[in-house]
Amino acid sequence: MSIKNLQLNWLRTFEAVGRHLSFSNAATQLNMSQSAVSQQIRLLEHKLGKKLFLRGHRSVELTVAGLAYLSLVREALQHIERGMESIFNSVAQGVLELSVSNSIAQLWLAPRLKRFATLYPQVSLRMYGRIWDAAGPASTAELEIRYGKGQWTGFEMTELLTGGLRPYCSPTLVDDVRAGRLLTLPLIDVLGTPVGWNEWIAQHGANDMTSVQRLYVDNYAIAADMAAHNVGVCLINDQLVQGSHLHHVLVAPLDNSIDDQANFYLLQPKDKSISAAARAFSGWIKNELTHTSTAATLSIPQLRLRHNVRRSNILPRRSRRSTTSKN
């Protein structure tokens, strides 16, 4: 279909109505009258030869064609905006939309964002939280932070964390864990992750988990908060604890960690131009990683020295006897 005589204002109006699912709200945003908005939508539908909206008495819904077209129009408008920013703006400014996994947003990103806001006061940030990246529609955000194994195509990917998963608990439970009573405490697991307590316990010699109480949650932030409130012991990456509020309420009683086989990644599209604001955020994240890496080099050995325990102290006495008898 030819785009000849297809006016840009029609597309901007269509995107606004599609986003709000309201002609009046779109009119307010665009500083137009509701009748002018309706007229532009009718002209666009006439040009395309398709209905884009189903109009009810007090409701507006996208048709199947309208829903598909909205995604295309939104991407095209964003591409134009980013291209203009990259050509005409030398200073990072504007609004950056970021889709981000909830755990990394709360425990890693939020404690650092004041530094970004100070460096780039002209940039506004809209963050949309996600729990599992496989759930829900594909993100339309310019940048994403996802959890997984880094197997997505079409993106430049930057790993945000290093190290593996280590047990953490409140100071109240430290003595129980170090005395070999770990399996008498509730173990808090995060659903949807490649490894958890089953793998950690198996790696360190236990084979009887039938009497262990298990608690399951859907993200690391909830698991850590439960551990901080003496509910049990969780597995979490050191870097999600050390830079956040958890640093004051959680302790790593054991040095024993396990490779988590997944990570949080900053995703930037390979074949699309991004705005100056997105470039600024991406560069800032990479600088933060350099700072985090240096800090980890200094702090983690001290952590290990302070909390180091013998492997034989990890498990209850009955598990140690059965492990010894087999050797």
**Request:** Residues being crowded, with 16+ Cβ neighbours inside 10 Å, free of Cβ contacts under 8 Å to residues at least 24 places away in the same chain and either small (Gly, Ala, Ser) or in a loop (DSSP other than H, G, I, E, B) (or both): count how many of those fall in region 19-49.
**Result:** 4
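Could you check how many residues of region 154-183 are among the hydroxyl-bearing types (Ser, Thr, Tyr), surrounded by fewer than 17 Cβ atoms within 10 Å (Cβ to Cβ) and in contact with a Ser or Thr (Cβ under 9 Å, 6 or more places away or on another chain)?
Kept after step one, since they are among the hydroxyl-bearing types (Ser, Thr, Tyr), are these residues of region 154-183: 158, 162, 168, 170, 172.
If we keep only those that are surrounded by fewer than 17 Cβ atoms within 10 Å (Cβ to Cβ) as well, we get 162, 172.
Within this subset, residues satisfying the condition of being in contact with a Ser or Thr (Cβ under 9 Å, 6 or more places away or on another chain) are 162.
Final tally of qualifying residues: 1.
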**Asked** Any residue at all in region 173-187 that is out of contact with any strand residue (DSSP E or B) (no Cβ under 8 Å at 6 or more places or on another chain) and under 30 Å from Arg130 (Cα atoms)?
**Response** no
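Taking into account only those residues within region 88-112 that are of a type in the set (A, V, I, L, M) and loosely packed, with under 14 Cβ neighbours inside 10 Å, which is modelled with the highest pLDDT?
Pass one, region 88-112, residues of a type in the set (A, V, I, L, M): 91-92, 95-96, 98, 100, 104-105, 107, 109-110.
Subset that is loosely packed, with under 14 Cβ neighbours inside 10 Å: 91, 95.
Values: Val91: 48, Val95: 83.
So, considering only residues that are of a type in the set (A, V, I, L, M) and loosely packed, with under 14 Cβ neighbours inside 10 Å, the one modelled with the highest pLDDT is Val95.
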**Prompt:** Which residues, taken from region 215-268, are more than 26 Å from His291 (Cβ to Cβ), polar (S, T, N, Q) and either modelled with pLDDT of 95 or more or under 15 Å from the mean Cα position of the chain (by Cα) (or both)?
**Reply:** Asn230
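Please tell me if Ser59 is out of contact with any strand residue (DSSP E or B) (no Cβ under 9 Å at 6 or more places or on another chain), over 17 Å from Ala141 (Cβ atoms), in contact (Cβ under 8 Å) with a residue 24 or more places away in the chain and surrounded by fewer than 14 Cβ atoms within 10 Å (Cβ to Cβ). Steps first, answer last, please.
Numbers: out of contact with any strand residue (DSSP E or B) (no Cβ under 9 Å at 6 or more places or on another chain): yes; over 17 Å from Ala141 (Cβ atoms): yes; in contact (Cβ under 8 Å) with a residue 24 or more places away in the chain: yes; surrounded by fewer than 14 Cβ atoms within 10 Å (Cβ to Cβ): yes.
It is true that Ser59 is out of contact with any strand residue (DSSP E or B) (no Cβ under 9 Å at 6 or more places or on another chain), over 17 Å from Ala141 (Cβ atoms), in contact (Cβ under 8 Å) with a residue 24 or more places away in the chain and surrounded by fewer than 14 Cβ atoms within 10 Å (Cβ to Cβ).
Might you check whether a residue that is in a strand (DSSP E or B), touching a helix residue (DSSP H, G or I) at 6+ places or on another chain (Cβ under 6 Å) and buried (at least 20 other Cβ atoms within 10 Å of the Cβ) occurs anywhere in region 213-222? Let's see the steps before the verdict.
First, the residues of region 213-222 that are in a strand (DSSP E or B): 214-217.
Now drop any that are not touching a helix residue (DSSP H, G or I) at 6+ places or on another chain (Cβ under 6 Å), which leaves 217.
Within this subset, residues satisfying the condition of being buried (at least 20 other Cβ atoms within 10 Å of the Cβ) are none.
No, region 213-222 has no match at all.
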**Request:** Of the conditions (1) touching a Gly at 6+ places or on another chain (Cβ under 8 Å); (2) at pLDDT 90 or above, Arg130 clears all except one; give me its number.
**Result:** (2)
**Prompt:** Is it true that some residue in region 184-197 is among the polar types (S, T, N, Q) and open to solvent by less than 10 Å² (accessible area, probe 1.4 Å)?
**Reply:** no
**Asked** Restricting region 113-123 to residues that are under 17 Å from Ser282 (Cβ atoms) and open to solvent by 60 Å² or more (accessible area, probe 1.4 Å), which is modelled with the highest pLDDT?
**Response** Arg115
**Prompt:** Among the residues of region 234-247, is any of a type outside the set (D, E, K, R), in contact with a Cys (Cβ under 8 Å, 6 or more places away or on another chain) and either over 18 Å from Ile104 (Cβ atoms) or not in a loop (DSSP other than H, G, I, E, B) (or both)?
**Reply:** yes
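Please enumerate the residues belonging to region 1-18 that are assigned to a helix (DSSP H, G or I) and surrounded by 13 or more Cβ atoms within 10 Å (Cβ to Cβ). Quick ask: steps written out before the conclusion?
Within region 1-18, the first condition is being assigned to a helix (DSSP H, G or I), and the residues that meet it are 8-18.
Within region 1-18, Asn9, Trp10, Leu11, Arg12, Thr13, Phe14, Glu15, Ala16, Val17, Gly18 meet the criteria.
Within the group Ala277, Ala296, which residue is at pLDDT below 90, open to solvent by less than 10 Å² (accessible area, probe 1.4 Å) and in a helix (DSSP H, G or I)?
Ala277
The values are calculated or read from the model by the stated rules, or taken from the named source; none is laboratory data. What you see is a predicted model, and the numbers here were worked out from it, not measured in a lab. Every residue, glycine among them, receives a Cβ derived from its backbone with ideal geometry; neighbour counts consider all protein chains shown. To get the accessible areas, we keep the full protein, side chains included, count just its heavy atoms, and leave off ligands, DNA and RNA. Shrake-Rupley method; radii C 1.70, N 1.55, O 1.52, S 1.80 Å.
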